[in-house]
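The values are calculated or read from the model by the stated rules, or taken from the named source; none is laboratory data. None of the values given here were measured: they were computed from a predicted structure. For neighbour counting, all protein chains shown are included, and Cβ atoms are generated from backbone atoms with ideal geometry for every residue, glycine included.
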Amino acid sequence: MSELRMIADLMAVAARTAPKAVGQDFVVIRVVDGEELKALAERMADYGRRSGKKNFDRDGKNVAASGAVVLIGLKDAKTCGLNCGACGAEECAALAVNGHEGEFRGPQCALRLLDMGIALGSAAKMAGLLNADSRIMYRAGVAAREMGLIDADFVMGIPISATGKSIYFDR
């Protein structure tokens, strides 16, 4: 096992054990490396060409130069039932009937998105504690979801690298 794969696995543990609203866990995690990592990088560039969206190629080059990517997402996340309105709906029940499919499936409960954000932050913190460079990427999540690398409704990726200078800094 490579050192970066070990770090990615520890990042996955940090994401898994991160606090979740109402003690319910809808966070899904998958580590990608090797040939799947190369395929993800290629799909990112391809998605940018097909969609006309900027920087998918740039981020794809970063992923190709990385040792692993930790994918963190939400799957079938139920609302917390608080009717807080943070998602834009007056009542939680409205989220279930107003679904939309695009790069991600939504809408999502704002508190569940916070769960995912805390998991992402916990994973990125673990990378930092272990001196691996990382960057949270929306674009990696879009391509990973399209490829079926992770069964998630909403997903982000965290590529990691260990070089003399962070490959994610001057882009």
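A few points about this structure:
- Boolean, LEU4 is out of contact with any His (no Cβ under 9 Å at 6 or more places or on another chain), touching a residue at least 24 places away in the same chain (Cβ under 8 Å), surrounded by 15 or more Cβ atoms within 10 Å (Cβ to Cβ) and part of a helix (DSSP H, G or I): yes
- Annotation: ASN62 fulfils all but one of (1) farther than 20 Å from ILE158 by Cα; (2) touching a strand residue (DSSP E or B) at 6+ places or on another chain (Cβ under 7 Å); the unmet one is (1).
- The single condition among (1) exposed (fewer than 14 other Cβ atoms within 10 Å of the Cβ); (2) over 14 Å from the mean Cα position of the chain (by Cα); (3) modelled with pLDDT of 95 or more; (4) in a loop (DSSP other than H, G, I, E, B) that GLY81 does not meet is (3).
- Subset tally (residues that are of a type in the set (Phe, Trp, Tyr) and surrounded by fewer than 19 Cβ atoms within 10 Å (Cβ to Cβ)) for region 7-40: 0
- Criterion: in contact with a strand residue (DSSP E or B) (Cβ under 6 Å, 6 or more places away or on another chain) and either within 24 Å of ARG50 (Cα to Cα) or in a helix (DSSP H, G or I) (or both) - qualifying residue of GLY121, GLY117, GLY141, GLY128: GLY141
For every residue, the table says whether it meets (1) touching a residue at least 12 places away in the same chain (Cβ under 8 Å); (2) within 17 Å of MET44 (Cα to Cα); (3) assigned to a strand (DSSP E or B); (4) out of contact with any Pro (no Cβ under 9 Å at 6 or more places or on another chain).
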{"position": "LYS61", "(1), (2), (3), (4)": "yes, yes, no, yes"}
{"position": "VAL70", "(1), (2), (3), (4)": "yes, yes, yes, no"}
{"position": "ALA86", "(1), (2), (3), (4)": "yes, no, no, yes"}
{"position": "GLU91", "(1), (2), (3), (4)": "no, no, no, yes"}
{"position": "GLU103", "(1), (2), (3), (4)": "yes, yes, no, yes"}
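- Being modelled with pLDDT of 95 or more, among the hydroxyl-bearing types (Ser, Thr, Tyr) and surrounded by fewer than 20 Cβ atoms within 10 Å (Cβ to Cβ) is a condition met by no residue of region 64-77.
- Of all the residues in region 87-114, those that are surrounded by fewer than 16 Cβ atoms within 10 Å (Cβ to Cβ) and of a type outside the set (A, V, I, L, M, F, W, C) number 8.
- Residue under evaluation ASP151, criteria (1) touching a residue at least 40 places away in the same chain (Cβ under 8 Å); (2) surrounded by 15 or more Cβ atoms within 10 Å (Cβ to Cβ); (3) not basic (Lys, Arg), criterion not met: (2)
- Residue match in region 115-132 (condition: among the charged types (D, E, K, R), more than 14 Å from VAL27 (Cβ to Cβ) and surrounded by 14 or more Cβ atoms within 10 Å (Cβ to Cβ)): yes
- Unique residue being modelled with pLDDT of 95 or more, out of contact with any helix residue (DSSP H, G or I) (no Cβ under 8 Å at 6 or more places or on another chain) and of a type outside the set (Lys, Arg) when the list is GLY48, GLY60, GLY128: GLY128
- Of the listed requirements (1) under 12 Å from PRO159 (Cβ atoms); (2) surrounded by fewer than 20 Cβ atoms within 10 Å (Cβ to Cβ), SER51 misses just one: (1).
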